[in-house]
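The values are calculated or read from the model by the stated rules, or taken from the named source; none is laboratory data. Everything quoted here is computed from the prediction, not taken from an experiment. Neighbour counts run over all protein chains shown; Cβ positions are idealised from the backbone, glycine included. Ligands, DNA and RNA are stripped out before the accessible areas are found, and what is left, the full protein with its side chains, is counted by its heavy atoms. Shrake-Rupley method; radii C 1.70, N 1.55, O 1.52, S 1.80 Å.
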Amino acid sequence: MKLVVQVKLLPTPQQASALESTLRACNTAACEVAATARQIDCYRNYDLRKHTYQGIKTNYALGAQAAQHVIKKVCDAYATLAANLRAGRYGKPGSRRRRRVEANPISFRWDAAQPYDARMLSWQHDARTVSIWTVDGRVKSVAFTGSPDQVKAVASLPVGECDLVHRDGMWFLYATIDVPEPELIDPDGFLGVDMGIANIAYDS
């Protein structure tokens, strides 16, 4: 079972600057990839990578993993858009709004969330810090905090992909945690509860 846990990063001004530069670079690259995808009508991760990977890696100083995550983020966004189009959330086929959505490339805010995997992010639980990849190099000893349950979860359970998030001037990591499935319990009886409802309508 997957559980998403939010922890708050407490970067120094210099560390925050590196995080901001990283989100700006990743999301500018994502906009470029999205425009290319529309131009060549290619939305599959592996196929789109052939057309965009080397360019964004070089132009935006992205690491190999970051570049791949950018491309996958774009493909996932187009898959979500296609599902919304099929569900009619942008109007009927041929409507002005739908034609505009279908024609224009997806765009990303500068601070849209960016995925991180274990090769880009590591946790130092005793020091309560993380080491995180940025376009300015690896930034170490970025402090994090959270509720006792959140901190315990990221320290004691397997952590999968994380998202770096900037919101309301603050920095967060949304960590996907693998939680063991609870054991199913077979009930050995049932309990009836009288809700005290006296006036029940019925047909005579």
Exercise. Just give me the residues in segment 9-68 being of a type in the set (S, T, N, Q) and in contact with a strand residue (DSSP E or B) (Cβ under 9 Å, 6 or more places away or on another chain), in sequence order.
Key: T12, Q14, Q15, T22, N27, Q65
Practice problem: Write out, first by first residue and then by second, each pair whose Cβ atoms fall under 6 Å of each other, whose residues are 6+ apart or on separate chains, and whose first residue, in segment 162-189, is under 30 Å from Q15 (Cβ atoms) while the second is small (G, A, S) and at pLDDT 75 or above. | Solution: C162/A175; D163/A113; V165/A113; T176/G160; I177/A153
Exercise. Quick one: L191 ticks every box in (1) of a type in the set (A, V, I, L, M); (2) modelled with pLDDT under 95; (3) more than 20 Å from V5 (Cα to Cα); (4) open to solvent by less than 50 Å² (accessible area, probe 1.4 Å) except a single one, so which number is it?
Key: (4)
Self-check item: From the options A25, A37, residue that is in a helix (DSSP H, G or I), farther than 17 Å from W110 by Cα and touching a residue at least 24 places away in the same chain (Cβ under 8 Å)
Solution: A37
Self-check item: Residue list for segment 140-158, filter: open to solvent by 40 Å² or more (accessible area, probe 1.4 Å), in contact (Cβ under 8 Å) with a residue 40 or more places away in the chain and in a strand (DSSP E or B)
Solution: T145
Practice problem: Considering only residues that are among the hydroxyl-bearing types (S, T, Y) and either touching a strand residue (DSSP E or B) at 6+ places or on another chain (Cβ under 7 Å) or more than 18 Å from D163 (Cβ to Cβ) (or both), look in segment 71-110 and name the one that is least open to solvent (accessible area, probe 1.4 Å). | Solution: Y78
Quiz item: Just for segment 56-70: of the residues that are more than 17 Å from G137 (Cβ to Cβ) and in contact (Cβ under 8 Å) with a residue 40 or more places away in the chain, which one is least open to solvent (accessible area, probe 1.4 Å)?
Solution: V70
